[in-house]
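Below is one structure, written out as C-alpha cells, with a few remarks after it.
The values are calculated or read from the model by the stated rules, or taken from the named source; none is laboratory data. Note that the structure is a prediction, hence the values are computed from the model and not measured. Every residue, glycine as well, gets a Cβ built from its backbone with ideal geometry; the counts of neighbours run over all protein chains shown. Note: areas computed on protein heavy atoms with side chains; ligands, DNA, RNA excluded. Shrake-Rupley method; radii C 1.70, N 1.55, O 1.52, S 1.80 Å.
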Amino acid sequence: MPEDFLLAHEFWVVAISKGKNDPGTLYLAAASEDRFLMNIGRLQRFGTQFRSQNNGPFELYPVDAGVTDGFRRVMIARSLADLKAHVVELNKK
C-alpha cells in the first residue's frame with residue numbers, strides 16, 4: 001500500500017536527521033520516495049524504480065525531468081544517462 005512506502009520513507013528521513021548519512025541510508029530514502037510516488041501514479045524523482053510488464057523487457061519507471069543529476073548524486077542515485085544504460089544491460093540477460 002502506498003502509505004507503507006511513505007512510512008518507510010519517513011523512517012529513512014528520520015534516520016538521516018539523526019546523523020545516519022551513509023550511502024545506504026540516503027539511497028533507501030530516495031528509493032522509498034520513488035516507490036511511494038510510483039504507487040500513487042506519479043513520476044519518480046531519483047530513478048530507483050524499474051518494472052517489467054507481462055514478462056516484457058525491463059523499463060525505467062518514468063522519471064521527473066525537473067530533478068537534476070546533481071540532486072540524484074546527493075542521494076546516491078545514478079544519472080539519467082546511467083539509468084538508461086542500466087536498462088539496456090538488464091534486458092541483455
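Counting the residues of region 1-12 that are in contact with a helix residue (DSSP H, G or I) (Cβ under 6 Å, 6 or more places away or on another chain) and surrounded by fewer than 16 Cβ atoms within 10 Å (Cβ to Cβ) gives 1. Here ASP34 fulfils each of the conditions (1) open to solvent by 30 Å² or more (accessible area, probe 1.4 Å); (2) out of contact with any helix residue (DSSP H, G or I) (no Cβ under 6 Å at 6 or more places or on another chain); (3) of a type in the set (D, E, K, R); (4) under 23 Å from PRO2 (Cα atoms) apart from (1). Filtered by the rule that a residue be open to solvent by 50 Å² or more (accessible area, probe 1.4 Å), of a type in the set (Lys, Arg) and under 11 Å from the mean Cα position of the chain (by Cα), region 41-91 gives ARG45, ARG78.
Figure legend. Inter-residue proximity from region 55-73: first residues without any contact (Cβ under 8 Å) to a residue 24 or more places away in the chain, second residues part of a loop (DSSP other than H, G, I, E, B) and open to solvent by less than 80 Å² (accessible area, probe 1.4 Å), beta-carbon distance below 6 Å, spacing 6+ or different chains. Indicated pairs: VAL63/GLY47; ASP64/ARG45; VAL67/ARG45; ASP69/SER79.
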